[in-house]
Amino acid sequence: MTQLTDQKTASLSAIAAADSLDALEQERLAALGKKGWVSLALKTLGQMSPEERKDAAPAIQAVRAEVAGAIDAKKAALEAAELEAQLASETIDLTLPGPHTAQGSIHPVSQVMDELAEIFADLGFAVATGPEIEDDWHNFTALNMDESHPARAMHDTFYFPDAAAGSQDGTTGGTRMLLRTHTSPVQIRSMKAQGAPIRIIAPGRVYRSDSDATHTPMFHQVEGLVVDKGIHLGHLKWTLETFFKAFFEREDIVLRLRPSYFPFTEPSVEVDVGYSNEGNRRVVGGHGDDDGHDWMELGGSGMVNARVLEMAGLDPNEYQGFAFGLGIDRIAMLKYGMNDLRAFFDGDPRWLKHYGFSPYDQPTLSAGVGSQGRAAS
Ligand code: DAH
């Protein structure tokens, strides 16, 4: 019995000293496990006389209960301490400022391209694309500007240094490669690829060696092309007017079509839109009288030249078409009130924050193409 008391004392102090759940489990096995000293003591009961057993059994059971109770209590204490430590290490200090996450915005040019696609899709146009690295034939020759055409000189073309001047599609002779100077070569590519009838717009980047407040070496155009039977200038005028009314979201748009010349259209017209200066802002349309209004040239257009239809593989006796090319950056400036084109491409985060759009501001005809306001500011 004294031996049992000694073992109990030793065991209780070991339990008290256990500093982890593992250490405590070792003590439990040593005492209450199959070969633990309590279990061994219980086994001795079998060899005892009934008299001896009467006293010994309750004593051993009491020791067992005391050791088991101490283990349970210690286990609860260790688990609580472990949880405390875990909670302390995982604390989030809600008073700290939020992490700085970069906030992007949709560039006005991208936004306007989405607006264009939305409006023209509603008019039954598909969006077409072509390469920015273009060959001489698609950029010039097929658009009725052969090698010697003076209009070529006006384009301030970026040529690639290698390869000789190109000819038909590059199939004969060398193909001079260049950065496309306008989106018009997409007309040729689209007609060749899908024939007629056709109704496409082609927005994209174009390049010219030119730079001042209203010109940058890279800028954006949108090309439009409709080819079908019986197409005439009236279709062109209606289409442009309908587009600009939807784009500027006002009915009082005043368009001026001026006779002009482009090698790839005949007749050709230049498209101007009337605007007035209200305060410091250019406001499109809405000027009944002459005071303080002016015209801004937005692009060119006309009936597709018969030679261009032929070069693109269509029969001009069967099909007619109209085409237009508008400066996207210019119409963006007019709509959203910027005055320096160069700032479009500076990448200044302050400018982008002010003029950029929220990704949630998707242009739709029902909710308004881009009038929901800017992302920031
Ligand atoms: N490609 C011309 C330019 O960049 C613009 C243009 C004029 C496009 C008349 C056309 C058009 O489709 O019909 O200056």
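The set of residues in region 236-273 that are of a type in the set (Phe, Trp, Tyr), under 23 Å from Asn305 (Cβ atoms) and more than 12 Å from the ligand (Cβ to nearest atom) comprises Trp238, Phe243.
Taken together, the residues in region 92-103 that are out of contact with any helix residue (DSSP H, G or I) (no Cβ under 8 Å at 6 or more places or on another chain) and within 23 Å of His354 (Cα to Cα) amount to 5. Only one entry of Arg189, Arg199 meets the criterion of being in a strand (DSSP E or B) and either over 17 Å from Leu326 (Cβ atoms) or away from the ligand (no atom under 12 Å from the Cβ) (or both), and that entry is Arg199. Among the numbered conditions (1) touching a residue at least 12 places away in the same chain (Cβ under 8 Å); (2) in a helix (DSSP H, G or I); (3) more than 30 Å from Pro161 (Cα to Cα), the only one that His138 does not meet is (3).
Within region 242-276, the set of residues being surrounded by fewer than 15 Cβ atoms within 10 Å (Cβ to Cβ) and either in contact with a strand residue (DSSP E or B) (Cβ under 6 Å, 6 or more places away or on another chain) or at pLDDT 95 or above (or both) comprises Arg256, Arg258, Pro259, Tyr261, Pro267.
His287 versus (1) modelled with pLDDT under 90; (2) under 30 Å from Thr265 (Cβ atoms); (3) within 31 Å of the chain's Cα centre (by Cα): which is the lone unmet condition? His287 satisfies every listed condition except (3). Looking only at region 141-165, residues that are within 20 Å of Val304 (Cβ to Cβ), in a loop (DSSP other than H, G, I, E, B) and either hydroxyl-bearing (Ser, Thr, Tyr) or more than 14 Å from the ligand (Cβ to nearest atom) (or both) come to 1 in all. Of the helices (runs of 4 or more DSSP H) lying entirely inside region 1-83, those containing at least 3 residues that are modelled with pLDDT of 90 or more and surrounded by 14 or more Cβ atoms within 10 Å (Cβ to Cβ) are 2-17, 21-32.
The values are calculated or read from the model by the stated rules, or taken from the named source; none is laboratory data. Small disclaimer: the values here were computed from a predicted structure and weren't measured. Cβ: placed from backbone, ideal geometry, glycine included. Neighbour counts: every protein chain shown.
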